[in-house]
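In what follows, a structure is listed as structure tokens, so that the remarks can point back to it.
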Amino acid sequence: MKKFIVGNLKMNLISPREREQYFKSFEQALKGKKFSAVELVLCPPAVHLESFANNLKKGAVKIGAQNVFFEEKGAFTGEVSSSMVKNVGVEFVLVGHSERRRYFSETDSLVNEKIQAVLKNKLTPIFCIGETIEERKREITQEVITSQLHEGLDGISSANLEKIIIAYEPIWAVGTNIVPTADEVLEMKILIKKILVEKYSLRLAEKATILYGGSVNARTIKEVCLDSDMDGVLVGRESLSPRDFVQLAEIIQRGSVK
Ligand code: PGA
């Protein structure tokens, strides 16, 4: 199965000009490279989705949205739905990112409704989970992850679980340049699989796609992805530089840093 590198551009690229520059650099960075073992996904802000899909999709890159609302259409001022993003070429949607949970008060039950809506529209949810530093210090990481998974996946069938990507992002590692060790990441992967065995089955847990996110770069990727045997990475800051992002994709493709 292919590994994933998902770039979360967050609230960046503030003008069409910046966006065009990004496309140019991306094209240059991709020149002459083939990624048979890695799926590249970029998640730009909603205003850029259509343009990203039109400009980058023909190449080796798939497009994801950073967020959607769970309703289909109607009087929900300021929101964008799964069908809307699907209709402009989006295939993936980040759901429950820690910044959405923190700044927009997204709860596990809202995250669950969004996952259902994304699946209904035949898009792939990238379901983000992770503990805060306080929760880690209080040694309740296991409880936090267990409840995020149980509530986020409430009512999701076995057939649908196979269509979901899970991204483990310890919140204390996002934007901080502090990362867990390979053993710590592996421990979380095992915990997530154990929860999936209990909730679903061994077969589905084995097949589950689990990414790592939080301060991934060329120096940390060995530890947080290669040595911990993750199915790929969710990348924030490094996705703002196409060169760095493509370099990470090459490392994953090779399976070694150099
Ligand atoms: P970072 O962000 O790579 O800048 O730490 C990761 C994320 O928020 O997905």
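Read-outs throughout are calculated quantities, based only on the coordinates presented, and are distinct from any laboratory measurement. Keep in mind that this is a model prediction, so the values were computed, not measured. Glycine also receives a Cβ, built like all others from the backbone with ideal geometry; neighbour counts cover every protein chain displayed.
Here are some notes:
- Over the C-alpha trace of region 156-206, radius of gyration and Dmax come out as 13.1, 37 angstrom.
- Using the rule -39500 (n - 2.57) for each DSSP H run of four or more residues, divided by the residues of the chain, the 222 nm mean residue ellipticity is -12000 deg cm²/dmol.
- Across all directions, the average flat footprint of the convex hull enclosing the Cα atoms of region 1-90 is 6.5 nm².
- Fraction of alpha-carbon pairs over 25 Å apart in the chain - percent: 40 percent
- The order of V88, V111, going from fewest to most other C-beta atoms within 10 Å of their C-beta, is V88, V111.
- Listed by chain and number, the lysines placed with their C-alpha closer than 19 angstrom to that of K163 are K2, K3, K62, K86, K114, K120, K122, K189, K193, K194, K199, K207; residues fewer than eight positions away on the same chain are left out.
- Per-pair calculated FRET efficiency, R0 = 35 Å: K137 and S256 via Cβ, rounded to 0.05: 0.55
- For region 23-174, convex hull volume per residue from C-alpha positions, Å³: 137 Å³
- Distance cut-off 11 Å, percentage of C-alpha pairs in region 219-258 lying past it: 62 percent
- Using R0 = 35 Å, the C-beta based FRET efficiency linking E71 and K222 works out to 0.25.
- Per-residue Cβ neighbour counts within 10 Å put S157, S51 in the sequence S157, S51, beginning with the fewest.
- Calculated FRET efficiency for the pair D183/R243, C-beta based, R₀ 35 Å, to 0.05: 0.70
- Unit charges on C-beta of K, R, D, E only; dipole of region 166-224, Debye: 240 debye
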